[in-house]
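The values are calculated or read from the model by the stated rules, or taken from the named source; none is laboratory data. The shown structure was predicted, so the numbers you read here are calculated from the model rather than taken from an experiment. Every residue, glycine as well, gets a Cβ built from its backbone with ideal geometry; the counts of neighbours run over all protein chains shown. Just the protein is used for accessible areas: all its heavy atoms, side chains included, with ligands, DNA and RNA removed. Shrake-Rupley method; radii C 1.70, N 1.55, O 1.52, S 1.80 Å.
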Amino acid sequence: MPVMEIKKMGDPVLKQICAPVEHVDKKIRRLLDDMAETMYAKEGVGLAAPQVGVPLRMAVINVDKKKLYDLINPVIVEREGSMVDQEGCLSFPGLFGDVERAEKVRVEYLNRYGKKKFVEAEGLLARALQHEIDHLDGKLFIEIAQNLSEGRRARE
């Protein structure tokens, strides 16, 4: 599986509202595999399709190196609470900022075989889901982050 080029700040695809995936097939599953390989190679916890130049509503997330989520057409159906934590993004290497997000979310999505699924998440997984779904809507973390700074993440 090839490691894909990650689009960086200023690339217009990052600001696009992505189209829904109409049919889940082998081509979509291959793209999910390539996205996951790219995410792991770049040491990220999530990657949305527009970050690799594909304006489709798809993302991959793995926050604990145990469970990979392949998300097709994800939608946040419930939000609860609020938390602020530092975020970064593979499309903005070296930039970090504090972002307010819901503490808990429930997301509906299709898996890699087109089956409807739900995930209820809190903490880092909830944050990653919201971050990647924002990408699918052309919203970037740098637009909502406070205290943006360059360098290493504060908690490293």
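How many nm is it between the label spots at residue 8 and residue 78, if each spot is 7 Å from the Cα in line with the beta carbon?
Placing both labels 7 Å beyond Cα along the Cβ direction yields 4.2 nm.
Measure off, as a whole percent, the carbon and sulfur share of the 1.4 Å-probe accessible area of the chain, all protein chains present. Provide the component values of the computation, followed by the final result.
Values: 4060 of 8430 Å².
That fraction is 48 percent.
Mind putting a number on the dipole of the chain about its Cα centre? Charges go on the C-beta only, +1 for Lys and Arg and -1 for Asp and Glu, and I need it in Debye to the nearest 20. Each step should come with its number before you reach the end.
Working: 25 positive and 26 negative charges, 108 e Å.
In total the dipole reaches around 520 debye.
Where the convex hull is taken over the Cα atoms of region 1-129, what is its projected area averaged over directions, in nm²? It would help to have the intermediate numbers written out before the result.
Values: hull surface 30.6 nm².
Average of the hull's projected areas for region 1-129 equals 7.6 nm².
For the chain, what does the helix formula give at 222 nm: sum of -39500 (n - 2.57) over DSSP H segments with n ≥ 4, over the residue count, nearest 500 deg cm²/dmol? Don't skip to the end; give the middle numbers.
Numbers: 3 runs with 34 residues, N = 156.
Computed mean residue ellipticity for the chain: -6500 deg cm²/dmol.
Just reorder 15, 115 by solvent-accessible area, largest first, 1.4 Å probe, all chains present. Provide the component values of the computation, followed by the final result.
Numbers: 15 105, 115 125 Å².
Sorted descending by solvent-accessible area, the residues read 115, 15.
So how much slack lies between residue 42 and residue 19, counting 0.36 nm per residue of separation and subtracting their Cα-Cα distance, in nm?
Numbers: separation 23, 0.36 × 23 = 8.28 nm, distance 2.53 nm.
Difference between extended and current length: 5.8 nm.
Label residue 68 and residue 29 with points 7 Å out from Cα along Cα→Cβ: what is the distance between them in nm?
Each label point is offset 7 Å from its Cα along the Cβ direction, giving 1.3 nm.
Using a probe radius of 1.4 Å on heavy atoms only, what accessible surface per residue do you get for region 40-148? Whole Å² is fine. Numbers along the way, then the final one.
Working: 5090 Å² over 109 residues.
Accessible area per residue, region 40-148: 47 Å².
Identify all lysines with a Cα-Cα distance to residue 26 below 25 Å; exclude those on the same chain that are fewer than 8 residues away in sequence.
List returned: 7, 42, 65, 66, 67, 115, 116, 117.
Looking at 76, 19, 102, which one has the Cα that reaches farthest to the positive end of the dipole of the chain (charges on Cβ: Lys, Arg +1; Asp, Glu -1)?
The listed residue farthest towards the positive side: 19.
Can you pull out the trypsin sites (Lys or Arg not before Pro) in region 44-105 whose DSSP state is coil and whose Cβ has at most 15 other Cβ atoms within 10 Å? All intermediate terms of the calculation are to be shown ahead of the outcome.
Working: sites: 57, 65, 66, 67, 79, 101, 104; in loops: 57, 65, 66, 67.
Listed in order of number, the matching sites are 65, 66, 67.
If you rank 82, 91 by how much accessible surface each has, with a 1.4 Å probe, what is the order from largest down?
82, 91
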